[in-house]
Amino acid sequence: MEKDLSNYRKSYEKHELSLKSVPENPMELFQKWFFEVDRFFPEDENNAMTISTIGLDGFPKSRVVLLKKYTFEGFIFYTNYNSEKGTAIKANPNVCLTFYWSGAERQIIIKGTAEKISENLSDGYFESRPRGSQLGALASDQSDVIANRDELEQKLKQLEAEFEGKEIPRPKYWGGYIVKPKEMEFWQGRPNRLHDRIRYILQENYDWIINRLSP
Ligand SMILES: Cc1cc2nc3c(=O)[nH]c(=O)nc-3n(C[C@H](O)[C@H](O)[C@H](O)COP(=O)(O)O)c2cc1C
């Protein structure tokens, strides 16, 4: 099989990013960009982000998860702590997050460390989820091999019966992580492949060093 994609070419012309215009704290720039994509592209899943971990096999693995909250401290998402990503994070908490917002021709790459959030916070979010999603979290041993889809649906039915009329408790193996950034790079597509790249690196005194990178 062969398919030549060399003619797929887009010119990026929508925005620009200059060192003079950026705030001292990258979370403020994240917030500005997030507000903008959310306002102009509300149909898109703008909180979808790719998280890359280093697995026990030494390979990086990336997958999409949903950002559920951000603060000056970092980025929170929810998952199964026993999943492949959970196992990877336990052994090596260094992760990379990527947002790609094609409508705005923007990418943000974040290197940071992941840690579990408090049980209370995970409880609060779990309680806010629709019942179906709560049962789904209980039904799925995420990343384990299963025989077929039927097995999963049978398990869901069993759980529906077991918890009928009852509150569904958050399973201990399901909860949130916060990724605390150490480095954040903002990429703005520009014409002629001369894109703008501004990188922030966190110093020991918690100041951020800001540099422009060559595209
Ligand atoms: C748009 C989208 C959103 C997703 N959101 C989540 C999420 O918030 N949490 C999660 O555990 N998996 C989410 N997934 C599924 C993950 O990509 C992945 O399949 C799953 O977490 C298992 O990954 P692992 O086996 O590498 O741990 C999402 C997938 C997509 C495409």
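The values are calculated or read from the model by the stated rules, or taken from the named source; none is laboratory data. Here the structure is a predicted model, which means the values were calculated and not measured. As a convention, Cβ positions derive from the backbone with ideal geometry for all residues, glycine included, and neighbour counts pool all protein chains shown. Ligands, DNA and RNA are stripped out before the accessible areas are found, and what is left, the full protein with its side chains, is counted by its heavy atoms. Shrake-Rupley method; radii C 1.70, N 1.55, O 1.52, S 1.80 Å.
What the phi angles of the stretch 37-42 give under the Karplus curve with 6.51, -1.76 and 1.60, with θ = phi - 60°, is a coupling list of 5, 5, 6, 8, 10, x Hz, glycine and proline written as x. Taking a straight line from the alpha carbon of residue 116, these aspartates and glutamates sit under 16 Å away, with near neighbours fewer than eight places off in the same chain left out: 73, 84.
Taking all protein chains together and rolling a 1.4 Å probe, residue 89 ends up with roughly 10 Å² accessible. Each Lys and Arg adds +1 at its Cβ and each Asp and Glu adds -1 at its Cβ; summed about the Cα centre, the stretch 58-215 shows a dipole of about 660 debye. For residue 126, neighbours were defined as the other residues whose beta-carbon sits under 13 Å from its Cβ, and their charges (Lys and Arg +1, Asp and Glu -1) total +1.
In debye, nearest 20, what is the charge dipole magnitude of the stretch 128-198 about its Cα centre with +1 on Lys and Arg Cβ and -1 on Asp and Glu Cβ, if you could check?
On the way: 13 positive and 12 negative charges, 100 e Å.
Around 480 debye, computed over the stretch 128-198.
Under the combined filter of DSSP loop state and at most 12 neighbouring Cβ atoms within 10 Å, the stretch 41-77 retains none of its trypsin sites (Lys or Arg not before Pro). Listed by chain and number, the aspartates and glutamates placed with their C-alpha closer than 20 angstrom to that of residue 10 are 44, 105, 196; residues fewer than eight positions away on the same chain are left out. Model label sites at residue 172 and residue 50, defined 7 Å from Cα along the beta-carbon direction, differ in position by 3.6 nm. Shown in residue order for the stretch 166-178 are the 3J(HN,Hα) couplings computed by the Karplus curve 6.51 cos²θ - 1.76 cosθ + 1.60 at θ = phi - 60°: 10, 6, 9, x, 5, x, 5, 8, 10, x, x, 10, 10 Hz (x for Gly and Pro). Rounded to the nearest 0.05, the FRET efficiency derived from the C-beta distance between residue 182 and residue 10 at R0 = 25 Å is 0.20. The Cα center of the stretch 12-41 and the Cα center of the stretch 179-195 differ in position by 10 Å.
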